[in-house]
1. I need a count of the residues in region 112-132 that are in contact (Cβ under 8 Å) with a residue 60 or more places away in the chain and touching a helix residue (DSSP H, G or I) at 6+ places or on another chain (Cβ under 6 Å).
2. Give 64, 32, 22 a once-over and let me know the one that is part of a loop (DSSP other than H, G, I, E, B), in contact (Cβ under 8 Å) with a residue 12 or more places away in the chain and within 16 Å of the chain's Cα centre (by Cα).
3. Are any of the residues in region 80-90 in contact (Cβ under 8 Å) with a residue 60 or more places away in the chain and under 25 Å from residue 29 (Cα atoms)?
4. Which number in (1) under 14 Å from the mean Cα position of the chain (by Cα); (2) over 26 Å from residue 39 (Cβ atoms); (3) not in a helix (DSSP H, G or I) marks the one condition that residue 176 misses?
5. If a residue must be in a helix (DSSP H, G or I) and touching a strand residue (DSSP E or B) at 6+ places or on another chain (Cβ under 9 Å), how many such residues does region 100-145 contain?
6. When region 84-101 is examined, which residues are found to be under 13 Å from the mean Cα position of the chain (by Cα) and more than 18 Å from residue 175 (Cβ to Cβ)?
7. Would you say residue 74 is surrounded by 13 or more Cβ atoms within 10 Å (Cβ to Cβ), under 17 Å from residue 121 (Cα atoms) and either touching a strand residue (DSSP E or B) at 6+ places or on another chain (Cβ under 7 Å) or without any contact (Cβ under 8 Å) to a residue 12 or more places away in the chain (or both)?
């Protein structure tokens, strides 16, 4: 059994591990570029978190703070978007931009722990936050179960948002949880 996760801020020295998790967790067409994570770390270090299990990296969570809830426009959620386009440190909506675990730590209930502890960590430092928002691929049933168990409910869909390969389009499900 693994010990509970401890969170720390991600640094640029973590980028290789972050990209390893990105490749293991997402199809090529659904993954972010290294530069996106570098910008997130630089512009919102409090929302760029590494999950540690003992001395091993178990996962990561990246977030942004938005002034208000997105109008469910795909561009607001677009892969590769620049955090500076929407991030407002005094905003009221926490957007969970990415979350994943190292393959060795999957299937052990740590996804829910990472989500809950990451949200709590950020909301403690930004008490004005009133809700959390995330986007999930309709086919990622395991991830959706984690989010539903954490109190997230579907609030919209983005048809064909995810394109894991050149021939497949899958809906994005926008989920939110009020504080």
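Nothing in this text is a laboratory measurement; each read-out follows from the coordinates by a stated rule. None of the values given here were measured: they were computed from a predicted structure. Backbone-built Cβ (ideal geometry, glycine too); neighbour counts: all protein chains shown.
1. The qualifying residues number 3.
2. 32
3. Scanning region 80-90 turns up no residue that is in contact (Cβ under 8 Å) with a residue 60 or more places away in the chain and under 25 Å from residue 29 (Cα atoms).
4. Here residue 176 clears every test but (2).
5. Of the residues in that region, 15 qualify.
6. Answer for region 84-101, where residues must be under 13 Å from the mean Cα position of the chain (by Cα) and more than 18 Å from residue 175 (Cβ to Cβ): just 101.
7. no
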